[in-house]
Amino acid sequence: MTRHYRVSADIGGTFTDIVYQDCATGACGAAKVLSTPDNPGLAVLRGIETAIPTDAAIEFFVHGTTVGLNALLTRRGAKVALLTTENFRDIYTIQGNDRGEIFSIRWNKPEPLTPLEHTFTARERMAATGEVVTPLETADLDRLVDAVTEEGFEAIAIAFLFAFKNPAHELEAAEYLTARLPGIPIGLSHRVSPEWREFERTSTTVMNSYLAPVVRGYLETLIGGLNDRLPEGRGLHVMQSNGGVMTAETASETPLQTLLSGPVGGAIGGRALSAATGRPNLICIDMGGTSFDASLIIDGLPSGSNQAKLEGLPVQMSVVDIHVIGAGGGSIAWEEAGAMRVGPQSAGSMPGPACYGLGGTEPTVSDANLVLGRLDGANFSGGEMTLDGDAAVSALQGIGDMFGLSTEAMAQGVVDVVNAKMADAIRTITVQRGIDPRDFSLVAFGGAGPAQAGALAEELQIREVIVPVHPGAFSAWGMLQTDVRHDYKETLYGFWDLIEPAVLEDAFAGLEERGRRHLLAEGIADDAIAFERSIDFRYYGQEYVLTIPVPEGPIDMEAVRKSFDVAYDRQYGHSSPENRVEMANIRLAALGRLARPDSAPPAPEPARPTRERDVFFAGRALKTPVLDRNGLEFGDTVAGPAIIEESTATTLVPPGWKATVIEGGHLSMTLEAGS
């Protein structure tokens, strides 16, 4: 019988992770291959060839990609022409009134993705109510048509004033331009972000157009390579920044949603882990080769928001909150002004850390861990890669001589510095928001995360670390735990006490109808469709909003208002139940539930014999047992110091800690009493 698999891929800066799940048994496996930055799809294809037998069928495939994010960070997106309302040409260039760094005399506004000279205008005007004030003069668009032809614009973004209330002029302009510029992608603000705030909506639309050709080209390459392996129809899915998945066709139309698709997989995996282990509050950390991503699971759900800033520019879209810094196994240690820095520069996958033996010479975190005995040069990445210990020593000696330190002391310093950076990143999303990290368990994953987790937990006084199954590919595993999702919104402004419930019900019903049509067109069965409703609220006289869930069924106006007061008190430490409340936007998440088998614990595999080697802890070399995770069974406990190796990661159990295999095959590391 043909075996069927559900497959996910997480494309990182250093490694591309593949997770595959047997549809019959639920058992999961994982593989890692070096990323191919010039063409990320090649690593995905190679990983699938490595992990999935050629005679097996791929029933479902989802992947997270950083292609769009990298294009944004490196400013290698499309050349975009912006079309807006006459006399409002400067909206995108002037930007908002948020100074960013209030007390910095050197602060400059973020560089826009398209300059003022690439902005065109047309005579038209909508009132704030959506009524036509001035009809669109399509003749004004001819100058844009000529410019696209002469100057080589690759995409067009249209953001007319108040188009979110009435899109007629944007649609008319798009029809006119499409007839004269076939093949040029045109982004319309009322489709990309039908929400108030002109600069933010314009910024979101421009960013979507900036990424469209890049993401579309990448997806076409990947689809072409996987064409023979995927099921007929919509077999290829892409992870979204909001924690759901979408088809490749939808991703081509709304590439903006792919920006954080890689890191979000870890947060969704954390949600599944929270439900499986009964731990409602988790700090999820993903330390790979290039970056360190931190996110929160609170009361079983990922922390999220409806707006983000990327490269300083606002983006109106639903996102899972991910805090990212440049700290990974490939982060380079360097000297500046007599002090040592680690990252954000990374050795990447080519040439990689010095110990990879691919030509790298600069010292990295991975080199430091190898020198300290925490990595096995002969058993890295499941034995598929041999590390060059002499190259690592040489790299660390070079920078150690600059500071008058031995190789081992320099290696410990590199690890200590990167741990301090990661601890500060966690404090940013916890302590700075009034959240006590000691009330959370730390979930450590990524290829380098489990090796650093114990030291991080001690720094933050967290007493439990969970190392999930296949930790090096946990983000890819998380992508298999989510559903299809599309977000819809509508600006509906007014005082809460004056809004008629029937008006709200009708508005939500309209969004639900749009969501249902979209999901049915993507092949989701009607009985697998569900909706989540929410509303943006603020106290009268305030600027910013909180998004409050609205339960299904008839809307209980008083209960929803009380929910806002409670949420406000939780967020800011006080509330004002006596004040009037305004609503700004209604939101709807349309969910298409995907059938999936329950995840089974890993199938038993032959384990390598336990061995022993010297490992440095706080400057001292200790004889440390090295165990194979395949040899550990439910309930087994390992006392530190110890090292637990597996194909995707190495877990370091420091002195004073113990690791226990819990249900599902996950490891729970706890700090013993008195330590």
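The values are calculated or read from the model by the stated rules, or taken from the named source; none is laboratory data. This structure is a prediction, so every number in the text was calculated from the model and none was measured. Using ideal geometry, Cβ is built from the backbone for each residue, glycine included, and neighbour counts are taken over all protein chains shown. When the accessible area is computed, the model is the full protein with side chains, heavy atoms only, and any ligands, DNA or RNA have been set aside. Shrake-Rupley method; radii C 1.70, N 1.55, O 1.52, S 1.80 Å.
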| said: How large is log10 of I(q)/I(0) for region 208-301 at q = 0.16 Å⁻¹ when the intensity is taken from the Debye formula with one equal scatterer per alpha-carbon? | reply: -0.78
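Using the reciprocal of the averaged 1/r over all distinct C-alpha pairs, how large is the Kirkwood radius of region 317-476 in Å?
Computed over region 317-476, the radius equals 16.5 Å.
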| said: Can you give me the Kirkwood hydrodynamic radius for region 1-140, using every pair of distinct Cα atoms, in Å to one decimal? | reply: 19.9 Å
| task | Report the FRET efficiency, 1/(1 + (r/R0)^6), for Thr2 and Ala127, where r is their Cβ-Cβ distance and R0 is 60 Å, rounded to 0.05. | result | 0.50
| field | Of Lys165/Lys562; Lys165/Lys309; Lys79/Lys165; Lys165/Lys489; Lys109/Lys165, pairs whose Cα-Cα distance is over 22 Å | value | Lys165/Lys562; Lys165/Lys309; Lys79/Lys165; Lys109/Lys165
| task | Would you compute the Debye intensity of region 67-159 from its alpha-carbon atoms alone, equal scatterers and no solvent, and pass along log10 I(q)/I(0) at q = 0.11, 0.18, 0.21 Å⁻¹ to two decimals? | result | -0.44, -0.96, -1.11
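For Ala567 and Thr178, what does the FRET efficiency come to when R0 = 25 Å and r is the distance between their Cβ atoms, rounded to the nearest 0.05? Provide the component values of the computation, followed by the final result.
Values: r = 44 Å, r/R0 = 1.75.
Efficiency computed from Cβ-Cβ geometry: 0.05.
Over all distinct alpha-carbon pairs, what is the Kirkwood Rh of region 126-215 in angstrom? Mind dumping the intermediate values first?
Values: mean 1/r = 0.0742 Å⁻¹.
Averaging 1/r across every pair of different Cα atoms and inverting gives 13.5 Å.
Based on the mean of other beta carbon atoms within 10 Å per residue, what is the order of 280-291, 40-51, 545-556, 62-73, most packed first? Write down the numbers at each step before the final one.
Values: 280-291: 25.6, 40-51: 20.5, 545-556: 14.7, 62-73: 22.9.
In decreasing order of mean packing, 280-291, 40-51, 545-556, 62-73 become 280-291, 62-73, 40-51, 545-556.
Which percent of the accessible heavy-atom area of region 123-222 goes to carbon and sulfur, probe 1.4 angstrom? All intermediate terms of the calculation are to be shown ahead of the outcome.
Details: 1980 of 4080 Å².
Heavy-atom surface of region 123-222 belonging to carbon and sulfur, 1.4 Å probe: 49 percent.
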| message | At R0 = 51 Å, how high is the FRET efficiency between His323 and Ala559 if r is their beta carbon distance? Nearest 0.05 is fine. | response | 0.95
| field | Straight-distance crosslink candidates among aspartates and glutamates, where the alpha carbon sits under 13 Å from Lys658 and sequence neighbours closer than 8 are dropped | value | Glu464, Asp636, Glu672
| task | Sort out for me the Cα centre separation of region 1-51 from region 299-361, rounded to whole Å. | result | 23 Å
| message | Let me see the P(r) profile for region 388-541: every Cα-Cα distance counted, bins of 5 Å, each bin given as a percent of all pairs. | response | 1, 7, 10, 9, 10, 10, 10, 12, 9, 7, 4, 4, 3, 2, 1
| task | Note down the net charge around His169, summing +1 for each Lys or Arg and -1 for each Asp or Glu among other residues with Cβ under 14 Å from its Cβ. | result | -4
| Contour excess over end-to-end distance, with Cα ends at Ala420 and Ile94 and 0.36 nm allotted per residue | 113.6 nm
| note | P(r) of the chain over all Cα-Cα pairs, 20 Å bins starting at 0, rounded to whole percent, reads 17, 49, 29, 4, 0
| task | Taking 7 Å along the Cα-to-C-beta vector as the label spot, tell me the Asn39-Asn579 distance in nanometres, rounded to one decimal. | result | 5.7 nm
| field | Range of Cα positions in region 481-592 per principal axis (Å), largest first | value | 47, 32, 23
| Rounded to the nearest 20 Debye, what is the dipole magnitude of the chain about its Cα centre when Lys and Arg each give +1 and Asp and Glu each give -1 at the C-beta? | 680 debye
| field | Principal axes of region 568-675: Cα extent on each, largest first, Å | value | 67, 41, 22
| query | Sorting Thr54, Thr254 by accessible area (1.4 Å probe), largest first, what list results? | reply | Thr54, Thr254
| query | Counting Lys and Arg as +1 and Asp and Glu as -1, each charge on the Cβ, what is the dipole of region 295-425 about the Cα centre in debye, to the nearest 20? | reply | 280 debye
| field | Where labels lie 7 Å past Cα in the beta-carbon direction, separation of Ala502 and Arg538 in nm | value | 3.0 nm
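At 1.4 Å probe radius, can you tell me the per residue accessible area of the chain in Å²? Walk me through the numbers before you get to the answer.
On the way: 28440 Å² over 675 residues.
It amounts to 42 Å² per residue over the chain.
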| task | Please sort 256-268, 122-134, 420-432, 439-451 by packing, taking for each peptide the average over its residues of neighbouring beta carbons within 10 angstrom, highest first. | result | 256-268, 439-451, 420-432, 122-134
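What's the Cα-based Rg to Rh of region 1-54, Rh via Kirkwood?
Values: Rg = 11.6 Å, Rh = 11.4 Å.
Value, to two decimals: 1.02.
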| query | So how far, in whole Å, is the C-alpha centre of region 458-517 from the one of region 384-406? | reply | 46 Å
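Can you pull the percent of region 518-569's accessible area that's carbon plus sulfur, 1.4 Å probe, other chains left in place? The partial results should precede the final answer.
Details: 1520 of 2800 Å².
Carbon and sulfur together cover 54 percent of it.
For region 224-266, what D do you get in µm² per second when you plug the Kirkwood radius from alpha-carbon pairs into Stokes-Einstein at 37 °C and 0.692 mPa s? Provide the component values of the computation, followed by the final result.
Values: Rh = 10.9 Å.
In µm²/s, the coefficient is 301.
What part of the accessible area of region 375-474, given as a whole %, is carbon or sulfur when the probe is 1.4 angstrom? Intermediate values should be presented prior to the final figure.
Details: 1710 of 3740 Å².
That share works out to 46 percent.
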